[in-house]
1. By what distance, in whole Å, do the Cα atoms of region 10-62 stretch along each of the three principal axes, largest value first?
2. State, as an integer percentage, the relative contact order of the chain based on alpha-carbon contacts under 8 Å between residues 6 or more apart.
3. Counting only other residues whose beta carbon sits under 14 Å from that of residue 115, what net charge do I get with K and R as +1, D and E as -1?
4. Using the Cα centre of the chain as origin and beta-carbon charges of +1 (Lys, Arg) and -1 (Asp, Glu), tell me which of 163, 35, 57 is placed farthest towards the positive end of the dipole.
5. How much of the DSSP beta bridge set in the chain is antiparallel, as a percent to the nearest 5?
6. So, by mean Cβ neighbours within 10 angstrom, what's the order for 23-33, 145-155 with the highest one leading?
7. Could you tell me which of 128, 143, 69 has its Cα farthest along the dipole of the chain towards the positive end, charges placed at Cβ (Lys, Arg +1; Asp, Glu -1), taken about the Cα centre?
8. Across bins of 5 angstrom width beginning at 0, how are the C-alpha pair distances of the chain distributed, in whole percent?
Amino acid sequence: MTTDPQAALRIRDAVRALVVDDEDRVLLVRFEFPTATRWALPGGGLEPGETHLQALARELFEEVGLRDPDVGPVIWHRLHIVPFLNGQFDGQREQIHLVRTATFEPRPQLSWEQMNAEFVHELRWWTLDEIAASDATFVPTGLHSLVVTLLRHGPPADSIDVSG
């Protein structure tokens, strides 16, 4: 009998958003970890009793100041196995929604001290050309081509695994 090696892992459920403005720019969050910098989609873990949609609305308000987002379909999903620095989890299972919005100036509702405690150090809009030209590390891997495909063809019928 074979067992699933992931069955014993402590996986946190999380939700993120591909936030795209009316100029087709993507809102990203810069995470500064002790050994790496990553530009990723805003979002985070579910609190006890929260649904994915409730958590996403809370995270977008806290992290980027977006109130009452127009949450679209789940476009991607991702399983990321990596030990959390705080030791609580061995990885994260993310559900990623499309959120279209008018352009706004991202302003976290959390203090920058609180944001930095969660390894968040910057918020900014990126054009697709800027993403393509950058040597930064983006999460999910292949973000540029994923967004180009999404904008060209619309949301997929079933969410795409972007675990990469």
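The values are calculated or read from the model by the stated rules, or taken from the named source; none is laboratory data. Because the structure is a prediction, the values reported are computed rather than measured. Don't worry about glycine lacking a Cβ; one is built from the backbone with ideal geometry, like all the others, and counts go over all protein chains shown. For accessibility, only protein heavy atoms count, side chains too; no ligands or nucleic acids. Shrake-Rupley method; radii C 1.70, N 1.55, O 1.52, S 1.80 Å.
1. Taking the Cα atoms of region 10-62, the three principal extents are 34, 34, 17 Å.
2. With pairs under 8 Å counted, the relative contact order is 31 percent.
3. Result for the local shell: -4.
4. Checking the options against the dipole of the chain, the answer is 163.
5. Of the beta bridges lying entirely in the chain, close to 65 percent run antiparallel.
6. 23-33, 145-155
7. My answer, from the dipole projection, is 143.
8. All Cα pairs considered, the percentages come to 2, 8, 17, 22, 23, 16, 8, 3, 1, 1, 0.
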